[in-house]
Amino acid sequence: MSDDAFSDVGSEDRYVASDSSSVAEESKEIMNNWKKRRELEIEERDRVEEEAKRKLQEEAEQHINDFYDVYNKKKQHQLEQSKAEAEQFLKEREEFFNQDNTLWDRVLQLINVDDADQIGDRDRSKFKEILLKLQGDKNAPGLSDK
């Protein structure tokens, strides 16, 4: 074999070496591009997640504020209603005690005379009869509190 035959082999090695270096550079460039795209995708995903988190927090705050607004309105309405009911009760009580009638007349206003005469084993018919006889009697016993 001549040196020329071996010289061709060496020249091919140079082509292979130069081809492999360009492939290495090309693969580095591909990897760099892939890394950049990946980083951009991650940044975009993080930005979207952060925006969604912020919106969720704002909605939660709004729901909490709405809840307390409704709660406070209901509480205020309940307080006003209770106050009105208390005033109405006191007014009715005052009117009841300022009536120009006897104590027994007021007792008859408070009880239901139409209730059953027999409840359990107790007969209430006699008690009702006594109260009805005392009704309107200005000289009835037990009226000394006036």
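The values are calculated or read from the model by the stated rules, or taken from the named source; none is laboratory data. In this text the structure is predicted, and so the values were computed from the model without any measurement. Positions of Cβ are backbone-derived with ideal geometry, glycine not excepted, and every protein chain shown enters the neighbour counts. What goes into the accessible areas is simple: the full protein's heavy atoms, side chains included, and nothing from ligands, DNA or RNA. Shrake-Rupley method; radii C 1.70, N 1.55, O 1.52, S 1.80 Å.
Only one of these is surrounded by 10 or more Cβ atoms within 10 Å (Cβ to Cβ), out of contact with any helix residue (DSSP H, G or I) (no Cβ under 7 Å at 6 or more places or on another chain), modelled with pLDDT under 80 and more than 16 Å from G142 (Cβ to Cβ): R124, R93. Name it.
Result of the check over R124, R93: R124.
Could you grab the pairs with beta carbons closer than 9 Å, sequence gap of 6+ or different chains, first residue in the range 78-101 and part of a helix (DSSP H, G or I), second one of a type in the set (D, E, K, R) and open to solvent by less than 100 Å² (accessible area, probe 1.4 Å)?
F96/R106; F97/R106
How many residues does the range 26-85 contain that are under 18 Å from the mean Cα position of the chain (by Cα) and of a type in the set (A, V, I, L, M, F, W, C)?
Here the count works out to 5.
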